[in-house]
Structure formats: C-alpha cells, structure tokens
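Peer 1: One structure is given below, represented as structure tokens, and several questions about it will come after.
The values are calculated or read from the model by the stated rules, or taken from the named source; none is laboratory data. What you see is a predicted model, and the numbers here were worked out from it, not measured in a lab. Reconstructed Cβ throughout: ideal geometry from the backbone, glycine too, with neighbour counts over all protein chains shown.
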Amino acid sequence: MIEEAKKNQITPLRYLFGGLSKHPGAIFVAVILSTLSTVLLTLPSVLLGLAVDELEAEGAVTSLLVTYVWMIVVSILVYMVLFFIVNYVWAVVGHRWERDARQEFIEILQENSMTFHDEVDSKRLLSVAMQDIFWIRFSLNPALPDIVSAIASFGVTGFFLAMIDMEVAGSPLPIFSLIILIGTPVYLISAYSFANRIESIRRVRSETMEEITSISQGVFSGIEVVRAFGSEEREKEKFRTTAEKYEKMVTREGRLSAFYIPAVILIAMTTIAFLYGGVAVADSVLSKGSFVTVLTLLISLTGLNFHLPNVLLSLRGGMINAERVVKILNWQDPMIEPEISSKVDWTSDIIFNDVSFRYSNNENGDHYALRNLSMTIPSGSRVALIGGPGSGKSTLLKLLMRLYDPTEGTIEIGDIVLKSVATKDVRNAVGNVEQDIFLFRMSVRENIAFGHPDASDEEVETAAKRSQAHDFIMDLPNGYDSMVGERGTTLSGGQRQRLAIARALIQDPKILLLDDAVSAIDAKTEFEMRRALDEALRGRTSITVTQRLRTLIESDLVIILDKGRLIAMGSHDELIQTSREYRRIFSRLPGADPILKSAAIGGTQ
C-alpha cells in the first residue's frame, strides 16, 4: 500500500476501507455473525408471540408452550455467545487496521525526503499518527458492526412484519410493512441530517486537539527553555485557553445531541404500530400473539438503532480524520528515487556543475541557499569548508548526503550523477557527523552501531577508540551498555560529538562529512582525536565544516562560501597569499597572528 500512496492520490474512503481488505476472511465472518446475531435477537419476539397465541388457545401450559420458552432461552444464550465472538472479531479487525495504518504512516514518512519534514510540522505528524488514526479505528469499530446490525435489524423486522400483515384479515393496506417502508427512510434521512449538523463541530474539535498536542509536546521537549526564561505561567495560560476552546466544542456537540430527533421517529413508528395493532386486536382481525410480536420487534428495533445517528456521525468523523491522514500520505515528493540505482566508484572526484539549491519552505521562494556552485573536489582529499552563518556550508553537505537534490545543476561522483543513485546507497557510502548531534534513548553501544546494527562488539570499540570515546565510555556506570538520555542530555557536548563520530566511522564510509564536528571538544581531546582521525581519513575524501586553525592548515583544499556562492578555493598556502577574504577569516582564529606574520604575503585579491 506504500507504493500506492506514493504514486497515486488515495481518497479518504479508500484509505478508510483499504486496510480492511487485508483481512477479508475476518470481515466476512464478522458480517455473517453480526447478521446471525441480529436474527437471533429478533427471534424471541416471534417466539413470544407464538407462545402467547398458544397460551390463549389452550388456556394451559402445554408442551409446545414449554418448547417456545426453551427456544427463547436458547436463542438468547446463543445470541450472547455470538455477541461475544462478533465483538472480539471486530475488535481484532479494528486493532489490526490501526496497527497496519500506523506502520504504513511511519514507513511512508521514512521514505519522504527532508523537504517533507521542512514543510510539515513534527507536532502535526505526531497528532495525526496518534490521535487521528485512533479515531479512525474507533469510527470503524463499533460503527461498522452497528451499521451491519442496523441493516440486518431493519431487514429482519420488515420481513416478520410483512408476514404478520398477511394475517390481518380485511385490511386494505399492509400497515405494519408501510410503517417500516416509510419510517425507515425518514429515520435515516433524519440521522444523516443530525450527523451533518455535528460534523463541523467534530472537525474543529479535531483541529483543537491537534493544537493541544502541539502545545504539550512543545512544553515537554523545551522544558529547559521554558524554565530558563520563567515562562511557566504563559505556557499554562496558552494550554488553558486551548483546552477551554476544546471544552466549548464538546459542550456545543452535547447541546445538539440533546435534541435527538431520530429517536422521536423510532418512537413514533412504535406508537403508530401500537395504535393500529390495538384496533386490529379489538376487531379480532389480529391475534394477541402477533400484536405482541409486532410491539417487541419494534421496541427491539428502537433499542438496536437508537444511537445509529451517532454511529453515522462517528463514521463521518472517521472520514474527517482520514482526510487529514491522506493529505499527508498524498504529499508529492520532489526527490524521486531512481528505478535502478547507478553503480558508483566512490573514490572518484566530486564534481559540482552549476549547482543551485533553495529550500521549499522559504517564504518568497527566490532565496537560494547555494547559487551557481561549480567546483571539483579531488578524490581522497581533505577539504575544509568555511564561511559565515547562512553561507550554505551545511546545505552543501546535505546535498552530498542526498537528503535533498539540487534545484538546478548536478552533482557527479566521477561520471555518475548523484540523483541516479538510490539514497540508501548514497548513505551507505557517505558518512556524516551532524552539527546538531542527535543521540537516541538507547545504550551507548546501540547508538554507535545505529547505522551498522550487525556490528560486532570489537567493531564498536574500535570506532569508539578512533573517536577518543572509549575512555569516557568505560567510566560510565555500565560501560557500553549504559543508557543515553533523550537526545543525549546525560552526556556533555564533547562526549556526544565523539559518539557521533564513532557512529559515522563504524560504517567505514568512502566519503566522510563533518559539520563542525569538533566544536565542543577541548584542545587536548581534539589533539588526541585528530591523531585517530588521521588514520581513519586516510585514503578517503573528507569535507569538514570548521573554524579550527589546525584543520585549515592541514587540509588539502579550503573552500570559502559566502551567501551560497563560491568565493575562493585552494590550499591554505595559496589562499593566504591570494584571498583577502580568507586572510580576514583566518586572522580572527586563535593563534593565527604568528602564522600570518611568518607568511610571505603576496598580492591581494
């Protein structure tokens, strides 16, 4: 179903019932048993009428009367067993649908590119994944079994009333049948109208619940910021205002539900049948037993379908929730996976051919993070990437990871365009240490082996030693089995960065990208880690976003970006002689003065 959602625009109705088609056997059994249980529930009404007629005719308890009584008891007992089975089967179907729907939702989100996550708020995704899918399942069960029972009850009741109409002597019209034939459409129209009136309220209620979820998640995830700025009261008031809005919607819905017109129609149908039946019994054209059967059938019908409008409303509400889910599933990803991934020699040069890129969520649509970038990064070289904030450094690394594709131009590895390579293959060959380190709430070992879950303990420790993380890991209470707090909050910044570097190195990437990866590491640890990285980086291309003097000096190639454009590139020695911008940046780094003074400064650029 993932491929269908990715390629085709699915409708809420198809989404709502598409998951049920995965369990045709269970659905078939549930429908049959629901119908049978409804028949069994109406059977006592017929048997009761026959028992009354038998008692009136014989004036005493007969064996046939006792048989009718036992048949009533047995039918009720069988109904109770079927009722349990039916509810169990529908519950299984509903929860399997919910399980599959959440799994599908997560899988599709994992397939989407980063452009999707730039456009769609994570709080909304959480609300849809938890709240909307739950309400859809709730609309399917008990709504679907109730609708099946309602259809069956109207059908069975209509059949028996038609049979009784045939007994009424001298009646020019089948009154009981007409009550069902006329009353049922009126009741269903009234039920549909009632559902329509409340639907808009349910829609606002669903959106308000999304706001509550969003506010709650924001407070929980940003609790340190809230406390640091003393904003507790403001957040409480924001939550209170939204919660009161939700309460008003629920109250308004309850007010409309108090005027429950469909129930009046069912009661009116029973009343008309009672009046007509009473006259027919008085005129001796209808037996007392048949009269009892008519009344009990209609009372049973009222009991079964009293809340049918709410059932329809629940189903309509499920459609609203399905619209919200489908809107996300139908999102068209601009980054297209190739049908066949091209084979790449990752030891080749990296070539940027007039590359421009802009994020899809920028307001005016004409702000480019990178503009007309053309350059070649030689294979196996160590590259230092520098520039001010907003210069496009991190964006360049994201393009190499194929988190995004260029808006214009191409990136090539050798003679292979990167867009023709599957993202999975790219990320197996390109390692990345991000600027904003994210660690998962799992053990240290699992965090290091995240991209290589089959790694042995020896491989994990080797990667940790290369990133100078082994020593501090062994000082933790449980060593490599120590749990890391959410987002790595139990570790220092330097410790998180070293774990992130170990996570990248364990994949043995052909190209290694480091986005300011040593910014939170002290000088001594940096020196030790660089010695380890020297060996790890040998024979592979590496690109490091940095403001570290030693990294610039030791790099084979320095690339300077400014506002998304290439300003200059070359070795440190070349740029110190030829680039005014590089000298300006370099001069601001600690320890740069002696190097600048000893350098033979040539012409300016």
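Peer 1: Pick out, from region 359-458, the strands (runs of 3 or more DSSP E) lying fully within it that include 3 or more residues that are under 33 Å from the mean Cα position of the chain (by Cα).
Peer 2: Filter on region 359-458 gives 408-413, 430-433.
Peer 1: Could you list, ordered by first residue, the pairs with Cβ atoms under 7 Å in which the first is in region 34-54 and surrounded by fewer than 22 Cβ atoms within 10 Å (Cβ to Cβ) and the second is outside any helix (DSSP H, G or I), at least 6 apart or interchain?
Peer 2: Hits for this filter: 53/287; 54/62.
Peer 1: Here is a check on your reading of the model: is residue 177 in contact (Cβ under 8 Å) with a residue 40 or more places away in the chain and surrounded by 15 or more Cβ atoms within 10 Å (Cβ to Cβ)?
Peer 2: no
Peer 1: Could you figure out which of (1) out of contact with any Ser or Thr (no Cβ under 8 Å at 6 or more places or on another chain); (2) surrounded by 12 or more Cβ atoms within 10 Å (Cβ to Cβ); (3) assigned to a helix (DSSP H, G or I) isn't true of residue 301?
Peer 2: Condition not satisfied by residue 301: (1).
Peer 1: While we're here: For residues in region 21-33 being free of Cβ contacts under 8 Å to residues at least 60 places away in the same chain and over 29 Å from residue 296 (Cα atoms), which is farthest from the chain's Cα centre (by Cα)? Give the derivation first.
Peer 2: Looking only at region 21-33, we keep the residues that are free of Cβ contacts under 8 Å to residues at least 60 places away in the same chain, and these are 21, 24-25, 28, 32-33.
Next, only the ones that are over 29 Å from residue 296 (Cα atoms) stay: 21, 24-25, 28.
Numbers: 21: 21, 24: 25, 25: 27, 28: 29 Å.
In this case the residue turns out to be 28.
Peer 1: Might you let me know whether region 46-64 holds any residue that is modelled with pLDDT of 85 or more, touching an Asp or Glu at 6+ places or on another chain (Cβ under 9 Å) and part of a helix (DSSP H, G or I)?
Peer 2: Yes - at least one qualifying residue is present in region 46-64.
Peer 1: Also: Which of the residues spanning region 304-333 are more than 20 Å from the chain's Cα centre (by Cα) and surrounded by fewer than 21 Cβ atoms within 10 Å (Cβ to Cβ)?
Peer 2: Those that are more than 20 Å from the chain's Cα centre (by Cα) and surrounded by fewer than 21 Cβ atoms within 10 Å (Cβ to Cβ): 304, 306, 307, 310, 315, 316.
Peer 1: Need the failing condition index for residue 101 against (1) touching a Leu at 6+ places or on another chain (Cβ under 9 Å); (2) touching a residue at least 24 places away in the same chain (Cβ under 8 Å); (3) among the hydrophobic types (A, V, I, L, M, F, W, C); (4) more than 30 Å from residue 400 (Cβ to Cβ), just the number.
Peer 2: Condition not satisfied by residue 101: (1).
Peer 1: What about residue 162, is it crowded, with 19+ Cβ neighbours inside 10 Å, in contact (Cβ under 8 Å) with a residue 12 or more places away in the chain and in the same structural domain as residue 125 (by TED's automatic domain parsing)?
Peer 2: For residue 162, the condition - crowded, with 19+ Cβ neighbours inside 10 Å, in contact (Cβ under 8 Å) with a residue 12 or more places away in the chain and in the same structural domain as residue 125 (by TED's automatic domain parsing) - is not met.
Peer 1: Quick check: is even one residue across region 64-71 out of contact with any helix residue (DSSP H, G or I) (no Cβ under 9 Å at 6 or more places or on another chain), aromatic (Phe, Trp, Tyr) and within 30 Å of residue 16 (Cβ to Cβ)?
Peer 2: The answer is no, given that none of the residues of region 64-71 is out of contact with any helix residue (DSSP H, G or I) (no Cβ under 9 Å at 6 or more places or on another chain), aromatic (Phe, Trp, Tyr) and within 30 Å of residue 16 (Cβ to Cβ).
Peer 1: If you don't mind, another one. Does residue 451 meet the test of being in the same structural domain as residue 506 (by TED's automatic domain parsing) and within 19 Å of residue 505 (Cα to Cα)?
Peer 2: Criteria met by residue 451.
Peer 1: For residues that are under 20 Å from residue 569 (Cβ atoms) and modelled with pLDDT of 90 or more, tally how many sit in region 394-407.
Peer 2: Matching residues across region 394-407 total 7.
Peer 1: Separate question: Of everything in region 389-404, what is over 22 Å from residue 451 (Cα atoms), touching a residue at least 12 places away in the same chain (Cβ under 8 Å) and not polar (S, T, N, Q)? Give them in sequence order.
Peer 2: 390, 392, 393
Peer 1: Just checking, how many residues over region 459-495 are of a type outside the set (A, V, I, L, M) and in a helix (DSSP H, G or I)?
Peer 2: Number satisfying all stated conditions: 17.
Peer 1: Okay, moving on. Here are some residues: 186, 168. Which one is in contact (Cβ under 8 Å) with a residue 12 or more places away in the chain, outside any helix (DSSP H, G or I) and either more than 28 Å from residue 87 (Cα to Cα) or among the small types (Gly, Ala, Ser) (or both)?
Peer 2: Details: 186 fails: outside any helix (DSSP H, G or I).
Going through 186, 168 in turn, just one is in contact (Cβ under 8 Å) with a residue 12 or more places away in the chain, outside any helix (DSSP H, G or I) and either more than 28 Å from residue 87 (Cα to Cα) or among the small types (Gly, Ala, Ser) (or both): 168.
Peer 1: Separate question: Checking the structure you have, find out if any residue of region 72-79 is within 25 Å of residue 137 (Cβ to Cβ), of a type in the set (Val, Ile, Thr) and either in the same structural domain as residue 40 (by TED's automatic domain parsing) or not in a helix (DSSP H, G or I) (or both).
Peer 2: No, that holds for no residue.
Peer 1: Further question: Looking only at region 140-156, decide whether some residue is crowded, with 20+ Cβ neighbours inside 10 Å, touching a residue at least 40 places away in the same chain (Cβ under 8 Å) and under 17 Å from residue 324 (Cα atoms).
Peer 2: Yes; the residues of region 140-156 include at least one that is crowded, with 20+ Cβ neighbours inside 10 Å, touching a residue at least 40 places away in the same chain (Cβ under 8 Å) and under 17 Å from residue 324 (Cα atoms).
Peer 1: Touching a residue at least 60 places away in the same chain (Cβ under 8 Å) and among the polar types (S, T, N, Q): does that describe residue 287?
Peer 2: So residue 287 passes the test.
Peer 1: Does residue 59 satisfy being of a type in the set (Gly, Ala, Ser) and crowded, with 18+ Cβ neighbours inside 10 Å?
Peer 2: Against the criterion (of a type in the set (Gly, Ala, Ser) and crowded, with 18+ Cβ neighbours inside 10 Å), residue 59 does not qualify.
Peer 1: I would also like to ask the following. Scan region 216-257 for residues that are touching a residue at least 40 places away in the same chain (Cβ under 8 Å) and not basic (Lys, Arg) and jot them down.
Peer 2: So in region 216-257, the residues touching a residue at least 40 places away in the same chain (Cβ under 8 Å) come out as 217-218, 246, 249-250, 252-253, 256-257.
Selection gives 217, 218, 246, 249, 250, 253, 256, 257.
Peer 1: Next question. What are the residues in region 336-353 that are part of a loop (DSSP other than H, G, I, E, B) and surrounded by 13 or more Cβ atoms within 10 Å (Cβ to Cβ), if any? Can you show your working first?
Peer 2: From region 336-353, those part of a loop (DSSP other than H, G, I, E, B) are 336-349; that's our starting set.
Those that are part of a loop (DSSP other than H, G, I, E, B) and surrounded by 13 or more Cβ atoms within 10 Å (Cβ to Cβ): 337, 338, 341, 342, 344, 346, 347, 348, 349.
Peer 1: Return the pair list, or none, for Cβ contacts closer than 6 Å from residues in region 428-440 that are among the hydrophobic types (A, V, I, L, M, F, W, C) to residues that are surrounded by fewer than 16 Cβ atoms within 10 Å (Cβ to Cβ) and assigned to a helix (DSSP H, G or I), at least 6 apart or on different chains.
Peer 2: Every condition considered, no pair remains.
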